[in-house]
Structures are given as C-alpha cells and as structure tokens.
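Student: There's a structure below that I have some questions on.
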Amino acid sequence: MTDASRSHDARSVDIFQKCFDFQDANLVRQAGMYPYFRVISSAQDPVVVMNGREVVMLGSNNYLGLTNHPEVKEAARAAISRYGSGCAGSRFLNGTLDIHVELEEKLARFVNKPAALTFSTGFQVNLGVISCLVERGDVVYLDKLDHACIIDGARLGFGTVVKFEHNDMADLDRRMAVRDSRKASLIVVDGVFSMEGDIVDLPALVEVAARHGSRVMVDDAHGIGVLGEHGRGTAEHFGLEDKVDLVMGTFSKSLASVGGFIAGDAQVIDYIKHRARSLIFSAAPPPASVASVIKAVEIIEREPERRVRLWENTRYMAEGLKNLGFDTGESQSAVIPVIVGGDWSLAFLMARRLQEEGVFVNPVVAPAVPPDQALLRTSYMATHTREHLDRALDAFAKVGREVGLIR
C-alpha cells in the first residue's frame, strides 16, 4: 500500500482507490510487452534512435517528413528570437501575435475557406468547436469510429449525440430521417480514419446532409497535406470543397508542429472565436510552433513531389504487406493497419518483436478499435527510402510467421 493510500481516512471512500486498484498496465509491464511511452532520443525521421539503436519508424504521423526540415527549424528559431518562448496568455486576451493572424490567413487560403482560427492543440479544436455549436435542442451525428476528441467535444455540448455505423451513409440517412426537423444538426466525421486508414464516403455524406438540411464538419487531421491535388485534404480529394462547411486540421501531422485549426465561413469562425472555451481559456500557441506551420505550408505548396513520394511509399507497403498475407483492412491512405483480431496480447507481442527486429509500430486495441479488431498501426513518410521499407517488410515477414499470423 502506498503512503497516499495509508494516509487517507478509512471511514470515507477514497477517490484514489481506483488508481491503487488499477493493475492493467503493470500486468502488461510484467509480461514484458508494455508498448506505450517508449522513449525516442532523436528527431521524428524515417529512422529514429531508441536505447542507442536505430529503428525504422513506422509509427509517426510526420507524413511529409517536415518535422526535421532545416527551413522549418530555422523558422522556429527565428520566431523564438523575435517573440520569445511563449505568449503568456490566451488568444482572447493578450496572447494574439501578428504571426497568429498571418498563419490563420495562410491556412484559410490553403483550404479555400474565408476564415480560419488556430488552437493550441488539435484535440482542443474539436472540444471547443463542437461543444459551442451543438447546444440544447441540437443534434450532432458522429461516425462510430470518429476520433476521441470528436466524441468528447460532442459530449461537452448540450445537444443530442447520435452515432451511425462506420462509413454507412444509408444508416446515417435512416437516423436523420427520424429527427425532428425543427432541431438543427451537424454531422462530424474524420476525413481519414486515424486507425483504420480508410477515407470517409464524402460524396454520399454530403448528399445525405443536403437532403436533411444539415451542416458538415470534416476532421482532416490525417488528410491535410496528404489528400487532394494540392494537399488540401479530403474535400479536395473528392472535389467537394464547397459542400463541406467546416474543415478541421492539426499541425502535428503533415504540418510539422503542434496545434490545430478550424476553417469555414467568416461569421461562423467569429462566433467560435468568442464562444469556444478551449480557445478562450487556453494559452495561445507558442511562436515557434506558429512559425513552423507557416513554413510547412509554404513547403507543401512549393514541393508537391513530397506528396508523390508519400503515395509511392504507401502503395509499395500496402502491396508488400498484402503479398505477405497480412490483412490490411480497407485502408486508402498513408495509414495502413495490420489487423491482428481479437487477441490484444498478440498485437503487443508483435509490436515488441518488431521493435527488437528494428521496426517501430503502434499496437492499437479496444476501445480505440472494436474489441475484435486489434491491429498494428503503420504509417508512412515521404522521406522513407526503399531500403527502409524493405527492412520493415523483412521484419514483418519474420515476426508474422513466428507468431502464426501469416504462413
């Protein structure tokens, strides 16, 4: 028993008791398969250093390979020299710098929307935007596999939350058909689903939305920089930019930093600016992060060949994993799952063995995925070389056969 548990008055119920009783992580640690909070001692490049050893990184969202780009790092250094390390307050009060405004104008132009608003994290975007838009009497429709921050944002609002089957627009249509037409509605979906790697059926979704008079918000955290002719994301990919009302993006994937943004109609963005609690009551994004994103957007626009290389690497790995006999689900993006099934311990075992063989992957188990769909999440960068990918395929072949997942 810990000192904290001993000092508590035994006559009352201790809110920490659940912490003292929690053994799940320790059991996995004792089995030598704990896969979380692994320490990396280098930049998020195609090869990283762990415990003094080089490992091929197949677990990063650094899709375009910009987090260690010399121009991005120089932009961050210059911003620190000019503005310091932080903003010392919220955007709402004293924390808005001229580079915040510059970035918002650049992002709005990039995603073809009238206005944009930045937040300190991508998670905070969805918490603040959804909760302030979906009020009592409103309805928000979510895909069952939407990201946790979408779900939490909907929970924080006072509206009704309705979930529809994953990427099933007929089910969405049925659920919207029984809605009281006097209730306003918003549909919120991932553009690219972050664990499965499939893309939302946006053409069918916007048809359903139009039929029922609903607004549409797309979380394009994994689509910005990756999908579309110019990297503007899922809506551009389908040629439906004018049919999506709000585009959400994060800076921690293709944009090489940390933070997030929402883009849409100027009046809607102004409303969010004055109502989103996660914006008003949080410190502003630090100067280095903001400057990094400004430079990353410039590079994305200047170097479309990065996106070409990313897709070449993605197709190569998708074909390679399938040829080995792995089930990669319905992936259509730079996120390729290797589906293990209902045995979460097998996912943990494979992640450990792959790391021992020099490859970093992320094991994903319930509740992040359905209980029978434990998987290894792999993701790719424009800067992976064919040698990196072949090393990874060799490791997958060895470990997959070792554990009996492939022949």
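The values are calculated or read from the model by the stated rules, or taken from the named source; none is laboratory data. A quick note: this is a predicted structure, and the numbers were derived from the prediction, not measured. Quick reminder, even Gly has a Cβ in these numbers, built from the backbone with ideal geometry, and neighbours come from all protein chains shown. Surface areas here come from the heavy atoms of the whole protein model, side chains and all, with no ligands, DNA or RNA. Shrake-Rupley method; radii C 1.70, N 1.55, O 1.52, S 1.80 Å.
Student: Being closer than 23 Å to M350 by Cβ and part of a loop (DSSP other than H, G, I, E, B): is that true of R38 here?
Tutor: Yes.
Student: While we're here: Answer yes if at least one residue in the range 90-102 is of a type in the set (A, V, I, L, M, F, W, C), in contact with a Cys (Cβ under 8 Å, 6 or more places away or on another chain) and in contact (Cβ under 8 Å) with a residue 12 or more places away in the chain, and no otherwise.
Tutor: yes
Student: Checking D265 against (1) surrounded by fewer than 23 Cβ atoms within 10 Å (Cβ to Cβ); (2) closer than 20 Å to N112 by Cα; (3) in contact with a helix residue (DSSP H, G or I) (Cβ under 9 Å, 6 or more places away or on another chain), which single condition isn't satisfied?
Tutor: Here D265 meets the rest and fails (3).
Student: For F110, all conditions in the list (1) of a type outside the set (G, A, S); (2) in contact with a strand residue (DSSP E or B) (Cβ under 6 Å, 6 or more places away or on another chain); (3) under 22 Å from H237 (Cβ atoms); (4) touching a residue at least 60 places away in the same chain (Cβ under 8 Å) hold save one; what is the number of the exception?
Tutor: The failed condition is (2).
Student: Does the range 252-261 contain any residue that is surrounded by fewer than 24 Cβ atoms within 10 Å (Cβ to Cβ), modelled with pLDDT of 95 or more and either basic (K, R) or on the phi < 0 side of the Ramachandran plot (or both)?
Tutor: Looking through the range 252-261, at least one residue is surrounded by fewer than 24 Cβ atoms within 10 Å (Cβ to Cβ), modelled with pLDDT of 95 or more and either basic (K, R) or on the phi < 0 side of the Ramachandran plot (or both).
Student: Scan the range 167-176 and give yes if some residue there is touching a strand residue (DSSP E or B) at 6+ places or on another chain (Cβ under 9 Å), in contact (Cβ under 8 Å) with a residue 40 or more places away in the chain and charged (D, E, K, R), otherwise no.
Tutor: no
Student: Still on this model: Mind checking which pairs have a first residue in the range 384-403 that is within 19 Å of N61 (Cα to Cα) and a second that is open to solvent by 40 Å² or more (accessible area, probe 1.4 Å) and part of a helix (DSSP H, G or I), Cβ under 6 Å, 6 or more apart or different chains?
Tutor: Filtered contacts from the range 384-403: L389/Y316.
Student: Further question on the same structure: Would you mind finding the one in S120, S42, S81 that is surrounded by 13 or more Cβ atoms within 10 Å (Cβ to Cβ), farther than 22 Å from H222 by Cβ and among the polar types (S, T, N, Q)?
Tutor: Matching residue, one of S120, S42, S81: S42.
Student: From the residues in the range 204-257 that are assigned to a loop (DSSP other than H, G, I, E, B) and of a type in the set (K, R), which one is nearest to S289 (Cα to Cα)?
Tutor: K253
Student: Scan the range 161-203 for residues that are in a loop (DSSP other than H, G, I, E, B), loosely packed, with under 15 Cβ neighbours inside 10 Å and touching a helix residue (DSSP H, G or I) at 6+ places or on another chain (Cβ under 6 Å) and jot them down.
Tutor: Within the range 161-203, E165 is the sole residue that qualifies.
Student: Follow-up. Hey, could you check the range 137-160 for residues that are within 20 Å of the chain's Cα centre (by Cα) and open to solvent by 40 Å² or more (accessible area, probe 1.4 Å) and say which is farthest from E207 (Cα to Cα)?
Tutor: Here the answer is L156.
Student: Answer with yes or no whether R53 is out of contact with any Gly (no Cβ under 6 Å at 6 or more places or on another chain), surrounded by 12 or more Cβ atoms within 10 Å (Cβ to Cβ) and either in contact (Cβ under 8 Å) with a residue 24 or more places away in the chain or closer than 14 Å to V290 by Cα (or both).
Tutor: no
Student: Could you give every pair whose Cβ atoms fall below 7 Å, whose first residue belongs to the range 18-35 and is open to solvent by 50 Å² or more (accessible area, probe 1.4 Å), and whose second residue is assigned to a helix (DSSP H, G or I) and among the hydroxyl-bearing types (S, T, Y), counting only separations of at least 6 or pairs across chains?
Tutor: Matching pairs, first to second residue: F20/S5.
Rundown of residues vs (1) over 27 Å from H237 (Cβ atoms); (2) of a type in the set (A, V, I, L, M); (3) modelled with pLDDT of 95 or more; (4) part of a loop (DSSP other than H, G, I, E, B), yes/no style:
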site: G86; (1), (2), (3), (4): yes, no, yes, yes
site: E104; (1), (2), (3), (4): no, no, yes, no
site: A116; (1), (2), (3), (4): no, yes, yes, no
site: N126; (1), (2), (3), (4): no, no, yes, no
site: C132; (1), (2), (3), (4): yes, no, yes, no
site: L145; (1), (2), (3), (4): no, yes, yes, yes
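Student: May I ask you to verify whether D198 is over 22 Å from L127 (Cβ atoms) and of a type in the set (D, E)?
Tutor: Yes, satisfied.
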